[in-house]
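One structure is given here, and the rest of the page talks about it.
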Amino acid sequence: MIVRIKNAKVYDPTNKVDGRIKDIFIKDGKIIKRPNPKEKISQVINLKNKIVMPGGIDIHSHIAGGKVNLARLLLPEEHRKYLYSSTNNLRSGSGLGTCTSFHIGYKYAKLGYTAVFEPASLPANARSTIIEMSDIPLIDKGCYTVLGNDDFLLNLIQKKTSQKKINDYVAWILTSTKGLGIKIVNPGGINAFKFNQRELDLDAKNKKYGITPRSILKILTKSLIDLKAPHPIHVHGCNLGVPGNVKTTLKQISAVEGKPMHLTHIQYHSYSNEGDRNFSSGAAILAESINKNKNISCDIGQVMFGQTVTTSADTMSQYRNHSFAHPKKWICADIECEAGCGIIPFEYRDKNYVNALQWAIGLELFLLIKDPWRVYLTTDHPNGAAFTAYPRLIKLLMDRSFRNEELEKINKDSQNNSILKSLKREYSLYEIAILTRSGPAKILGLNNIGHLGEGAKADITVYTEHQDKEKMFENPFLVFKDGQIIVKNGTIKKVINGKLYIAEAEYDQSIKKEISIYFEKYIGRKMSSFEIQNQELWDHGLELEQIRCSRNDY
Amino acid sequence: MQSFICPFCSLLCDDIRLEIKNNSFVPLNSNCLILKKSLKRKIKDHFPRIKGKKTTMSIAIEELAKLIKKSKSILFAGMGTDTKGTKVSLDILDKFGGTIDHFSGDSYSKNLKSIQEIGGVYITLAELKNRCDTIIIIETTDQTVPRLFEKYIFPKETINKIKKRKIVYIGSKKPQFLLKNKNRFAFNSIYLNSQNLLNLISQLRQKINNNSLDSTKDKNLTFLFKLLKNTNYGSIILSASELDKDLCDLIINEINLLIQDLNKFTRFAGMFLSGIHHLVTVNEVLLWQTGFPIRTNFSKGYPRHNIDQFSTTRLLAKKEVDLVVWIDSFHEEKITFKKNIKSVLLGIPTHPQKKNADIFIPLGTPGLDHNSHLFRVDKVVSMHLKKIRNISLPSVFEVLSKVKERI
Ligand code: SF4
Ligand SMILES: [Zn+2]
């Protein structure tokens, strides 16, 4: 069966298509160049005056795992505020920032997103996270496994173990936790907090192992390059949220010496400490550095005003901020000699100096980083805001007069301390398509999504053009997943399952002997019960899409 | 010889080896009483039953489907099941309305109130084992999670190279299981009842927050104050089910607040135990699918959660339900029958009350009769358990999926 989409204005940056009227052909869930003359076209969809983009890709959104479930447990009131009834084809659910699994799928699909990546899968929690994900319908998913605070690795680094052996360990953990990528969260800092260290800058030493975040960062960055992993190291740096931390972020960029690194939610790492409140924007200097260092990609972690909840593996930072909890309750946990978890409910208020400036800093970064291929649109859901705020965020980027109106509303001192008003840039639709589709696919090393060329999955979002970009992006006219119409005019038409992207790496299996001894001696369980098997995921109805570690552009 | 992940409590020990002797299993390397007792059960018959009389599986399933269709208000109680069993239960409840609760609901609801009010600081088993120089055990015995102590509290080697762990027992009875192992750690005990426990912790918090003992003469208070001041990483282990019912809420709240206070200057965390029926597994699935823990109702088409209103005891006493589906695939927990409320038991074939239920459907046990996923007590780790027995007993998922097809 072949479907022809005709007359649509297509934005497909990977294939350099910038608003051209163009036909798209779908066959067996994939995009084909054109049918051969003998094949019959069974359906023609005329999309005159419509805009077509590949399905959206969220590179960093906390959609599953123990931390999300703990946040749900902590905040029944948030769930009572947002209740969703079951219908003929949809399940019931609740919540916004910690929205329940089925509705995460429904909501993303309704926004035209077809692939979302969970960025903080703790190794010990990976199985649980993936089983939870099997209940998120409609979208493709994937996880980044968290490393950099596990005692096993820190011990290897302390002993000056060879890079090769460390690579074997990284490959083992990536494949046995079914991750697509590796994320570092506050390198060494979560571990240091277990020894009651309350801060750890890039060159400070972890009390137990005597090693620095810089060394962990360098070694893991190199590991992923050596392994030819699909996605370079995904980094949540040191000193999240600390005034003046932009200095550390700049040092981190130079620490990797030109090697590829993805810096996540950089808004939280872009603070200077000037002015009488010791809190100011470091966006300009950070953007300048990112513009210069072509090896760096980033996502923003934009803050939007309102109630949300912050969930993070970075217990050191979360504990530091627990007094800002709103409502006044919070959770911290130390986890399995590998990481941790901190949950702080939070309300970003536009009249609060710091919150308002955080909002402005995120936007400054978006507008000052010149290359849209290296910056991606995120709110670090739910940490800066729920992903449902994306249409509004897109409007802020595309519409300067709207942006300036919104700027007028925030805390006056924050306005005065931001250069936002002077920034004239307005994103084009083509650039938005890069930020939300082509860019993330490219940095994730996934070549069958994020574009509409031959061989791509037929994940397609069709918008109705609208002066008001928020209206345009919040209500796609049609969404296709694997060639099937899943959303029409804001209604879910069909519920299907997306796939789970996982990385496949080869490595020297002899490392497993040592890991196995470590597990039995210290972790108190068997390595074999830790390793996730494909079969158990298939049992939960998950289809896997294996990406070989063979990236060749590092 | 068969290696085995034990499904009989939420510790999920994966180091068990079994000897197989004509379809019965004997543990070779563990004396855990719960494990031994569970494996000893001799299955004489595994017929489904209607009002005590043997019937076929398809008739029993058909009858259950009829009851569910007819019911105005269903309760899924007990919920001794795994992830897939929970999923299918929720799927049915979402369509037909009704409530979900759990065997451990009463004691858990005390923990829950405190979490929903103030949060908490927690720890997982490997952290407990490797970090803690001090562990305070409150009203907990080796009956709830028997091997917790040998595996995670008295380990030979730890990452932190702890030399002599300090263990303090606080509770009403002498902890024989600790006294037996006394030479393996520095041991102290404080014997008191729940009321005095509450007072002790409140006073301790006050002293800790003032950073001074003032002129107290209370030797327990002085001892604990000094101990905590010198702790690098400590934890409190507690089972709510052992505490006085009326004071339980308050005690748990005070303990959570004490742990928060201690983290201002050192590291400290809590671990709350939750019984043998895998409450954690059921709760985790509930949370991600509905946003709420157990005691959630779906009769209005969306989830409503209320710890008091949706308790099994209350719903049965007030006759607010007309059908109870008890699920127990691990043990033989005693269940209650009420006049004018239909009772269905999905339970293991040896369940002593199987003849008393309106419908009985025999179940296999996860990890014995079918592959399964279960969550460990600390909520973080989940295990994949594999089938080792072949007597064709179905899982909750299989039974309820068939029921679902018929309604
Ligand atoms: S402690 Fe629990 S999991 Fe371990 S063997 Fe005993 S019953 Fe089984
Ligand atoms: Zn994040």
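Just for region A:223-256: of the residues that are of a type in the set (Lys, Arg) and more than 21 Å from the chain's Cα centre (by Cα), which one is farthest from ligand 1 (Cβ to nearest atom)?
We begin by selecting, within region A:223-256, every residue of a type in the set (Lys, Arg); these are A:228, A:247, A:251.
From what's left, more than 21 Å from the chain's Cα centre (by Cα): A:247, A:251.
Numbers: A:247: 50, A:251: 47 Å.
So, considering only residues that are of a type in the set (Lys, Arg) and more than 21 Å from the chain's Cα centre (by Cα), the one farthest from ligand 1 (Cβ to nearest atom) is A:247.
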*Residue list for region A:347-374, filter: closer than 22 Å to residue A:78 by Cβ and crowded, with 23+ Cβ neighbours inside 10 Å*: A:358, A:359
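Per-residue answers, yes or no, for (1) within 12 Å of chain B (Cβ to nearest Cβ); (2) within 22 Å of residue A:234 (Cα to Cα); (3) of a type outside the set (Lys, Arg):
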position: A:298; (1), (2), (3): no, yes, yes
position: A:302; (1), (2), (3): no, yes, yes
position: A:305; (1), (2), (3): no, no, yes
position: A:308; (1), (2), (3): no, no, yes
position: A:318; (1), (2), (3): yes, yes, yes
position: A:325; (1), (2), (3): yes, no, yes
position: A:334; (1), (2), (3): yes, yes, yes
position: A:338; (1), (2), (3): yes, yes, yes
position: A:345; (1), (2), (3): yes, no, yes
*Take region A:278-306 and flag every residue that is touching a helix residue (DSSP H, G or I) at 6+ places or on another chain (Cβ under 6 Å) and farther than 24 Å from residue A:262 by Cα.*
A:279
_Looking at region B:254-265, I want the residues that are closer than 13 Å to residue B:117 by Cβ and have a partner that is charged (D, E, K, R) with Cβ atoms under 8 Å, at least 6 apart or on another chain. Which pairs are those?_
B:254/B:205; B:257/B:205
*Restricting region B:160-192 to residues that are touching a residue at least 24 places away in the same chain (Cβ under 8 Å) and hydroxyl-bearing (Ser, Thr, Tyr), which is nearest to the other protein chains (Cβ to nearest Cβ)?*
B:169
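Based on this model, can you work out whether residue B:38 counts as within 30 Å of residue A:525 (Cα to Cα) and either within 16 Å of ligand 2 (Cβ to nearest atom) or out of contact with any helix residue (DSSP H, G or I) (no Cβ under 6 Å at 6 or more places or on another chain) (or both)? Write out each step before concluding.
On the way: within 30 Å of residue A:525 (Cα to Cα): yes; either within 16 Å of ligand 2 (Cβ to nearest atom) or out of contact with any helix residue (DSSP H, G or I) (no Cβ under 6 Å at 6 or more places or on another chain) (or both): yes.
When the stated conditions are applied, residue B:38 passes them.
Need at least 3 residues that are of a type in the set (Ser, Thr, Tyr) per element, so show me which helices (runs of 4 or more DSSP H) inside region A:115-226 make the cut, counting only ones lying wholly within it. Outline the logic, then answer.
Numbers: elements: A:126-133, A:151-158, A:163-176, A:189-194, A:213-226.
Correct list: A:163-176, A:213-226.
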*asked:* Scan region B:154-162 and tell me whether some residue there is within 16 Å of ligand 1 (Cβ to nearest atom), under 18 Å from residue A:524 (Cα atoms) and at pLDDT below 95.
replied: yes
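Select, from A:404, A:416, A:383, A:352, the only residue that is at pLDDT 95 or above and either acidic (Asp, Glu) or within 16 Å of ligand 2 (Cβ to nearest atom) (or both). Full working, then the answer.
On the way: A:404 fails: either acidic (Asp, Glu) or within 16 Å of ligand 2 (Cβ to nearest atom) (or both); A:416 fails: either acidic (Asp, Glu) or within 16 Å of ligand 2 (Cβ to nearest atom) (or both); A:352 fails: either acidic (Asp, Glu) or within 16 Å of ligand 2 (Cβ to nearest atom) (or both).
Going through A:404, A:416, A:383, A:352 in turn, just one is at pLDDT 95 or above and either acidic (Asp, Glu) or within 16 Å of ligand 2 (Cβ to nearest atom) (or both): A:383.
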*Just one of A:249, A:310 is touching a His at 6+ places or on another chain (Cβ under 6 Å), within 16 Å of ligand 2 (Cβ to nearest atom) and among the β-branched types (Val, Ile, Thr); which is it?*
A:249
_In region B:348-405, residue farthest from the other protein chains (Cβ to nearest Cβ) [restricted to those that are of a type in the set (A, V, I, L, M) and closer than 22 Å to residue B:126 by Cβ]_ = B:377
*Could you please give the count of residues in region A:477-502 that are within 20 Å of residue A:448 (Cα to Cα) and among the polar types (S, T, N, Q)?*
2
_Segments classed as strands (runs of 3 or more DSSP E), wholly inside region A:20-84, with at least 3 members that are away from ligand 2 (no atom under 16 Å from the Cβ) and touching a helix residue (DSSP H, G or I) at 6+ places or on another chain (Cβ under 9 Å)_ = A:50-54
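Taking the condition of being surrounded by fewer than 19 Cβ atoms within 10 Å (Cβ to Cβ) and within 26 Å of the chain's Cα centre (by Cα), how many residues in region A:413-422 meet it?
If we filter region A:413-422 for residues that are surrounded by fewer than 19 Cβ atoms within 10 Å (Cβ to Cβ), which is where we start, we get A:413, A:415-416, A:419, A:421-422.
This time we only want the ones that are within 26 Å of the chain's Cα centre (by Cα), so: none.
Summing the residues that are surrounded by fewer than 19 Cβ atoms within 10 Å (Cβ to Cβ) and within 26 Å of the chain's Cα centre (by Cα) in region A:413-422 gives 0.
Mind checking whether some residue in region A:146-163 is over 21 Å from residue A:539 (Cβ atoms) and at the interface with another protein chain (Cβ under 9 Å from one of its Cβ atoms)? Spell out how you get there, then give the answer.
Within region A:146-163, the subset over 21 Å from residue A:539 (Cβ atoms) is A:146-163.
Applying the additional criterion that residues be at the interface with another protein chain (Cβ under 9 Å from one of its Cβ atoms) yields A:151, A:155.
Within region A:146-163 (the criterion being over 21 Å from residue A:539 (Cβ atoms) and at the interface with another protein chain (Cβ under 9 Å from one of its Cβ atoms)), the answer is yes, since at least one residue qualifies.
Table: residues versus (1) part of a strand (DSSP E or B); (2) charged (D, E, K, R); (3) over 25 Å from the mean Cα position of the chain (by Cα); (4) at pLDDT 95 or above.
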{"site": "A:494", "(1), (2), (3), (4)": "no, yes, yes, yes"}
{"site": "A:497", "(1), (2), (3), (4)": "no, no, no, yes"}
{"site": "A:503", "(1), (2), (3), (4)": "yes, no, no, yes"}
{"site": "A:509", "(1), (2), (3), (4)": "no, no, yes, yes"}
{"site": "A:517", "(1), (2), (3), (4)": "no, no, yes, yes"}
{"site": "A:522", "(1), (2), (3), (4)": "no, no, yes, yes"}
{"site": "A:525", "(1), (2), (3), (4)": "no, yes, yes, yes"}
{"site": "A:545", "(1), (2), (3), (4)": "yes, yes, no, yes"}
{"site": "A:552", "(1), (2), (3), (4)": "no, no, no, no"}
_Give me the residue from region B:268-286 that is under 8 Å from the mean Cα position of the chain (by Cα) and not hydroxyl-bearing (Ser, Thr, Tyr) and, out of that set, nearest to ligand 1 (Cβ to nearest atom)._
B:276
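Pick from B:98, B:78: which is modelled with pLDDT of 95 or more and either away from chain A (no Cβ under 14 Å) or within 15 Å of ligand 1 (Cβ to nearest atom) (or both)? Steps first, answer last, please.
On the way: B:98 fails: either away from chain A (no Cβ under 14 Å) or within 15 Å of ligand 1 (Cβ to nearest atom) (or both).
The match here is B:78.
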*asked:* I'd like to check something: does region B:94-112 contain any residue that is closer than 16 Å to residue B:344 by Cβ, over 27 Å from the mean Cα position of the chain (by Cα) and among the basic types (Lys, Arg)?
replied: no
*Return yes or no: is residue A:194 within 14 Å of chain B (Cβ to nearest Cβ), touching a Lys or Arg at 6+ places or on another chain (Cβ under 7 Å) and away from ligand 2 (no atom under 16 Å from the Cβ)?*
yes
*Scan region B:141-159 and report the pairs whose first residue is touching a residue at least 40 places away in the same chain (Cβ under 8 Å) and facing chain A (nearest Cβ under 8 Å) and whose second residue is away from ligand 1 (no atom under 13 Å from the Cβ) and not in a loop (DSSP other than H, G, I, E, B), with Cβ atoms within less than 9 Å and a gap of 6+ or a chain change.*
B:151/B:129
*Based on what the data block shows, is residue B:272 more than 30 Å from residue B:66 (Cα to Cα) and among the hydrophobic types (A, V, I, L, M, F, W, C)?*
yes
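Matching residues to (1) farther than 26 Å from residue B:266 by Cα; (2) assigned to a loop (DSSP other than H, G, I, E, B):
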{"residue": "B:135", "(1), (2)": "no, no"}
{"residue": "B:145", "(1), (2)": "yes, yes"}
{"residue": "B:151", "(1), (2)": "no, no"}
{"residue": "B:156", "(1), (2)": "no, yes"}
{"residue": "B:164", "(1), (2)": "no, yes"}
{"residue": "B:169", "(1), (2)": "no, no"}
{"residue": "B:187", "(1), (2)": "no, no"}
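The values are calculated or read from the model by the stated rules, or taken from the named source; none is laboratory data. As the structure is a prediction and not an experimental result, all values here were calculated from the model. Every residue, glycine among them, receives a Cβ derived from its backbone with ideal geometry; neighbour counts consider all protein chains shown.
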